[in-house]
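Worksheet for the structure shown next.
The values are calculated or read from the model by the stated rules, or taken from the named source; none is laboratory data. Quantities reported herein were computed from a predicted structural model and do not represent experimental measurements. Here the Cβ positions follow ideal geometry from the backbone for every residue, glycine too, while neighbour counts run over all protein chains shown.
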Amino acid sequence: MRIAEITRKTKETNITISLNLDGQGKADIDVPSGFFRHMLELFTFHAGFDMRLSAAGDADVDLHHTVEDTAICIGQALRKALREREGIRRYGSFVIPMDEARAAVHLDISGRPYCKTEGTLPRGKSGDFETELLPEFLRAFSQHGGITLHLVIEAGDNLHHILEAVFKALARALREAVSLTGEAGVPSTKGALD
């Protein structure tokens with residue numbers, strides 16, 4: 001079973017996560033933001049993972065620390081659950097249309113973190129979630145998951161639609177990349193990923 005548990009406690013946040021990569025898309029999410037919870041629930045469903053996540057933080061200041069530290073923990077849990085990354089597809093790409101919005105995510109679970117965003121992400125808020133938190137989430141997730149991640153925001157005017165398209169595209173690309181191929185060893189001519 002590809003399962004991992006992570007706990008992270010700082011003066012700003014207290015986060016615990018249990019992640020099963022071979023789940024059924026079941027989410028049990030407790031975070032101090034309705035919109036962020038919604039994004040994590042649909043992320044879990046579309047990735048086909050099972051995730052229990054509890055994140056408390058200094059939301060009275062803003063959501064920055066909670067969102068960033070949650071992404072750190074999800075990345076760490078993914079990396080831990082994949083172990084040596086043997087037998088995985090490694091690469092994943094997916095495009096999600098969400099009404100007028102469209103987002104594409106291309107990733108490589110290479111062990112080499114890199115995060116690049118193209119396109120326009122309008123500034124503003126959807127619910128209590130400021131759009132400037134999205135790049136923070138993606139960078140922290142990429143860094144701690146050991147993932148090369150490219151996001152292209154191809155279209156969109158409605159912030160909710162853009163953000164939802166991004167989280168769904170990320171989930172579907174991950175689902176593809178972590179899928180098992182039935183082949184032995186790591187998917188690299190070097191014989192190792194990192």
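Look at segment 116-128: where a residue is without any contact (Cβ under 8 Å) to a residue 40 or more places away in the chain and in a strand (DSSP E or B) and a partner is surrounded by 14 or more Cβ atoms within 10 Å (Cβ to Cβ) and β-branched (Val, Ile, Thr), sitting 6+ places away or on another chain with Cβ atoms under 6 Å, you get 118/152.
Could you check, for segment 179-192, whether at least one of its residues is buried (at least 19 other Cβ atoms within 10 Å of the Cβ), under 21 Å from residue 41 (Cα atoms) and either at pLDDT 95 or above or hydroxyl-bearing (Ser, Thr, Tyr) (or both)? Checked against the condition, which is being buried (at least 19 other Cβ atoms within 10 Å of the Cβ), under 21 Å from residue 41 (Cα atoms) and either at pLDDT 95 or above or hydroxyl-bearing (Ser, Thr, Tyr) (or both), segment 179-192 yields no hits at all.
The listed residues are 26, 9, and the only one of them that is in contact with a helix residue (DSSP H, G or I) (Cβ under 9 Å, 6 or more places away or on another chain), of a type in the set (Lys, Arg) and surrounded by fewer than 21 Cβ atoms within 10 Å (Cβ to Cβ) turns out to be 26. For residue 66, indicate whether it is polar (S, T, N, Q) and assigned to a helix (DSSP H, G or I). When the stated conditions are applied, residue 66 passes them. Go through segment 87-111 and report how many residues are modelled with pLDDT of 95 or more and over 20 Å from residue 171 (Cβ atoms). So the answer is 1.
Just one of the numbered conditions (1) among the charged types (D, E, K, R); (2) within 18 Å of residue 168 (Cβ to Cβ); (3) surrounded by fewer than 18 Cβ atoms within 10 Å (Cβ to Cβ) is not true of residue 84: (2). Which of the numbered conditions does residue 173 fail, given that it passes all the others? Conditions: (1) at pLDDT 95 or above; (2) surrounded by fewer than 19 Cβ atoms within 10 Å (Cβ to Cβ); (3) within 17 Å of residue 82 (Cα to Cα); (4) aliphatic (A, V, I, L, M). So residue 173 meets the others, but not (2).
For first residues located in segment 1-19 and of a type in the set (Val, Ile, Thr), partners that are surrounded by fewer than 14 Cβ atoms within 10 Å (Cβ to Cβ) and outside any loop (DSSP other than H, G, I, E, B) and lie 6+ apart or on another chain with Cβ distances below 6 Å form the pairs 16/7.
Total residues in segment 90-125 satisfying the condition of being closer than 15 Å to residue 147 by Cα and either surrounded by 16 or more Cβ atoms within 10 Å (Cβ to Cβ) or of a type in the set (A, V, I, L, M, F, W, C) (or both): the figure is 12. The sole residue among 58, 99 that is over 17 Å from the mean Cα position of the chain (by Cα) and under 18 Å from residue 163 (Cα atoms) is 99.
The residues of segment 13-50 that are hydroxyl-bearing (Ser, Thr, Tyr) and not in a helix (DSSP H, G or I), listed by number, are 13, 16, 18, 33. Assessment of segment 70-82 against the conditions (part of a strand (DSSP E or B) and touching a strand residue (DSSP E or B) at 6+ places or on another chain (Cβ under 6 Å)) yields no matching residue.
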